[in-house]
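A quick write-up on the structure given underneath.
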Amino acid sequence: RGSAPRDRDTLVLEFLHTPGYWAEDPDNPGEDIWIDDLWKSVWRAQGESLQEFLLKNDNVFFKRVAIKVEDEVYFRNDFQFRFRNYASFPLTKTPDNFAGNISIWNVDYIKLDKNRSVNDIFYYDIAFAAPAQSILKDLQSMPWSHYIANPQVRHRSSFDVAIINLDNFIYNYSYRYFITDENNAVIRNYSGGTWNIAPFFQQGYQSYQPHANPPLVPNPLGTLTPAPSRHFRVYHVIREGNTGDEWTRNDTIVFNQVFDNYFAYDNGTPDNGYGLVGFNAQGAVRYILGRADTLEAVQFYFNPTLHDQNQVLFRVKVWKNLDPEEVLYLSEPVSVEFAPQLNQFVTYNLDVSIPVSDTIFVGWQQMSNAFLNIGFDALSDASQHIFYNSFGQWLPTIYNGALMIRPLFGPQLITGSDDINPKETLTIFPNPVRHNVLNIELSLSDDFEAQVFDITGKQVAFYHRQTRLDVSGLPNGMYF
C-alpha cells in the first residue's frame with residue numbers, strides 16, 4: 001500500500017559469511033583491531049510496480065523463492081541472514097522531500113529448515129490475510145461520551161474478514177469472534193460454526209458469509225455507562241481441526257477498540273505522505289460529533305524526511321463550514337515537528353478551548369509551497385471526509401485513505417467558588433440532552449444536589465445524589 005520500489009531499487013538477501021573478530025593489527029604489531037562482519041549477497045530482486053509484478057507472476061501477490069544453504073562456511077550454530085533494500089527517490093517538481101515510506105517491499109513466510117525441496121510450494125496453513133477491523137463504520141477511535149450519545153449510527157453492520165487456505169487440500173475449520181472489556185472479561189461472543197475452505201489458488205479468499213462477513217452482534221459493547229475512556233478488544237479466531245494447523249500464530253487477529261479523548265479515521269500507520277501545492281493551500285478533515293464539546297488540540301503525524309526538508313511553518317485551522325468558510329480557529333505560525341518514537345503524533349494545543357458541536361473540520365493552512373508530507377493511512381478509507389483548497393475552491397480528495405490528523409477534546413469543567421472545593425470538577429453531558437437523560441460526574445463529592453432552572457429563573461426540577469437525571473418531564477428548551 002506504500003510507494004512501489006522503482007526499477008533501479010533492489011531487495012537483497014545476505015548471509016553472514018564471517019562474524020566480526022579481533023585480529024592483530026598489521027600496522028601496529030602487538031595491538032588488536034576489530035574486523036567487521038563480512039556479509040555476502042546471495043539473492044536479489046529488482047524493483048517494479050505491483051502491476052508489473054502481477055503480470056510476471058500469474059497474477060498472484062507473492063512469489064516464492066527457494067535458496068539453498070550449501071556452502072560449508074554457513075554450517076554453524078550462529079548462522080545469520082538479513083534483508084536489505086536499496087531505495088531511490090523520484091524526481092518531482094516540488095522541493096526535495098524525501099520520506100522513508102517509499103520503496104516498500106513485502107516479505108513473508110521466511111522459513112529456514114532442513115530436508116526442504118523446491119517443490120514445497122504449499123503450506124498447511126489456514127490464516128487471516130488482513131487486519132482486524134474497528135466496530136465503528138469509518139472511525140478507528142472516538143471519545144466514549146460521543147459514542148454513547150447515539151451508538152447505533154456509529155456501528156458497522158458486519159466485519160470484512162479475509163481468510164485464506166495456503167495448502168492444496170480442502171479443509172474444514174471453525175471461525176468465531178469475541179469482545180473483551182478492560183478486565184479481559186468476555187462481554188460478547190459470536191460463532192460462525194464450521195465450514196470448508198478450498199485452496200486459495202482455486203477459489204481465492206473464503207466467501208462463506210458467516211465467516212467472511214460476520215454480522216456485528218447487537219449492543220456489542222454491553223452497558224453504555226458514562227466514563228472518561230474505555231478500552232475493548234475484538235478477537236477473531238480460526239481453528240483447523242482440534243489442534244490447529246502448522247502456523248497457529250496467524251490464527252488470531254485482534255483490534256484494540258479505544259475510546260479516549262480523540263477522533264481518528266487512521267490506524268496509526270503511515271503508508272504514504274500527503275501534501276498540497278500552492279502558497280496558502282488548505283486541507284481539512286471532517287468529523288461528525290456525537291455531542292457538544294470543547295476542542296482543545298489537534299494532533300498531526302508528519303513523515304520524517306531526509307534532512308527534515310518538510311520542517312516548515314504552517315497554521316492549524318478549524319472550520320465550522322467550508323463552503324462558505326466559517327472559521328472557528330486559526331493558530332499563529334507553528335512548525336512541522338516529529339515525535340521521538342515511530343508512528344507517534346505531535347499535539348498542537350489550541351490557544352483557547354473552542355466550543356464545538358455537530359460537524360467540524362480540522363486541518364491546516366500552508367505558509368509556503370513546501371510539501372508538508374502528512375502521514376496517510378492507505379488501508380483505512382476516509383476519503384469522503386477529506387477536502388483541499390489549492391486554488392480558491394474546496395474540492396474532495398481523489399485519494400483513498402485517511403489523513404493522520406486527529407482532533408482532541410477536553411472535559412467540560414465548572415470551576416469552584418467560595419463554597420465549593422476549588423479542586424473539584426463537574427462534568428455534565430450530553431449537551432444537548434439525548435434520550436431524556438442528563439449525566440453528572442463529580443470528581444470528589446458523593447453528597448450533592450442538582451437544581452434546574454428555566455430561562456425565567458424559576459426552579460423546575462430538583463435532584464439529590466442522582467448522577468442520571470430523568471428530564472423527560474421538561475419541555476424542549478434551554479435550562480440552567
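Worth a mention:
- As a summary of the residue check, A162 satisfies the conditions (1) closer than 16 Å to I253 by Cα; (2) in contact with a Leu (Cβ under 7 Å, 6 or more places away or on another chain); (3) surrounded by fewer than 16 Cβ atoms within 10 Å (Cβ to Cβ) except for the one numbered (2).
Yes/no per residue for (1) buried (at least 16 other Cβ atoms within 10 Å of the Cβ); (2) within 20 Å of the chain's Cα centre (by Cα):
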residue: M142; (1), (2): yes, yes
residue: P151; (1), (2): yes, no
residue: D167; (1), (2): yes, no
residue: Y171; (1), (2): yes, no
residue: Y190; (1), (2): yes, no
residue: N196; (1), (2): no, no
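- Options P210, P226; residue that is surrounded by 13 or more Cβ atoms within 10 Å (Cβ to Cβ), of a type outside the set (D, E) and assigned to a loop (DSSP other than H, G, I, E, B): P226
- Restricting the stretch 153-198 to residues that are assigned to a loop (DSSP other than H, G, I, E, B) and in contact with a helix residue (DSSP H, G or I) (Cβ under 7 Å, 6 or more places away or on another chain), the residue that is nearest to K137 (Cα to Cα): R154
- Residue that is most open to solvent (accessible area, probe 1.4 Å) [pool: residues in the stretch 124-139 that are in contact with a strand residue (DSSP E or B) (Cβ under 8 Å, 6 or more places away or on another chain) and farther than 30 Å from D245 by Cβ]: K137
- Hey, S353 closer than 30 Å to S134 by Cβ, out of contact with any helix residue (DSSP H, G or I) (no Cβ under 6 Å at 6 or more places or on another chain) and assigned to a strand (DSSP E or B) or not: yes
Conditions (1) modelled with pLDDT of 90 or more; (2) out of contact with any Asp or Glu (no Cβ under 9 Å at 6 or more places or on another chain); (3) exposed (fewer than 13 other Cβ atoms within 10 Å of the Cβ), marked per residue:
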{"site": "F53", "(1), (2), (3)": "yes, yes, no"}
{"site": "V60", "(1), (2), (3)": "no, yes, yes"}
{"site": "F75", "(1), (2), (3)": "yes, yes, yes"}
{"site": "T92", "(1), (2), (3)": "no, yes, yes"}
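- Residue that is within 30 Å of G275 (Cβ to Cβ), assigned to a loop (DSSP other than H, G, I, E, B) and open to solvent by less than 50 Å² (accessible area, probe 1.4 Å), where the choices are S117, S103: S103
- Top-ranked residue in the stretch 258-298 [being under 17 Å from N310 (Cβ atoms) and of a type in the set (F, W, Y); ranked as modelled with the lowest pLDDT]: F279
- Candidates W22, W34, W43: the one that is more than 29 Å from A402 (Cα to Cα) and modelled with pLDDT of 95 or more is W43.
- Scope the stretch 39-53; condition among the aliphatic types (A, V, I, L, M) and under 23 Å from K111 (Cα atoms); matching residues: V42, A45
- Within the stretch 272-330, the set of residues being among the basic types (K, R) and either open to solvent by 70 Å² or more (accessible area, probe 1.4 Å) or assigned to a loop (DSSP other than H, G, I, E, B) (or both) comprises R291 only.
- Every test in (1) over 21 Å from L276 (Cα atoms); (2) free of Cβ contacts under 8 Å to residues at least 60 places away in the same chain is passed by L330 save one, and that test is (1).
- Scan of the stretch 53-70 for residues that are touching a residue at least 24 places away in the same chain (Cβ under 8 Å) and over 32 Å from the mean Cα position of the chain (by Cα), ordered by number: A66, I67, V69
- A search for C-beta distances below 8 Å between a residue of the stretch 120-132 that is over 16 Å from N256 (Cβ atoms) and any residue that is in a loop (DSSP other than H, G, I, E, B) and among the hydroxyl-bearing types (S, T, Y), counting only pairs 6+ apart in sequence or on different chains, returns Y123/Y109; A129/Y205.
- For the stretch 173-188, a residue qualifies if it is in contact (Cβ under 8 Å) with a residue 60 or more places away in the chain and open to solvent by 30 Å² or more (accessible area, probe 1.4 Å), and the qualifying residues are S174, R176.
- Verdict on I126 being at pLDDT below 95 and of a type in the set (A, V, I, L, M): no
- Of all residues in the stretch 386-411 being outside any strand (DSSP E or B) and within 16 Å of the chain's Cα centre (by Cα), the one that is farthest from V318 (Cα to Cα): N400
- Cross-chain or 6+ apart pairs with Cβ under 9 Å, the stretch 235-255 first and under 29 Å from E182 (Cα atoms) and part of a loop (DSSP other than H, G, I, E, B), then open to solvent by 60 Å² or more (accessible area, probe 1.4 Å) and not aromatic (F, W, Y): D251/R239
- Of all the listed residues (N369, N343), the sole one being at pLDDT below 95, on the phi > 0 side of the Ramachandran plot and surrounded by 12 or more Cβ atoms within 10 Å (Cβ to Cβ) is N343.
The values are calculated or read from the model by the stated rules, or taken from the named source; none is laboratory data. Given the structure is predicted, the values throughout are model-derived calculations rather than measurements. Counting neighbours? That spans all protein chains shown, and the Cβs are built from the backbone with ideal geometry, glycine included. Side chains are part of the model used for accessible areas, which takes the heavy atoms of the whole protein and leaves out ligands, DNA and RNA. Shrake-Rupley method; radii C 1.70, N 1.55, O 1.52, S 1.80 Å.
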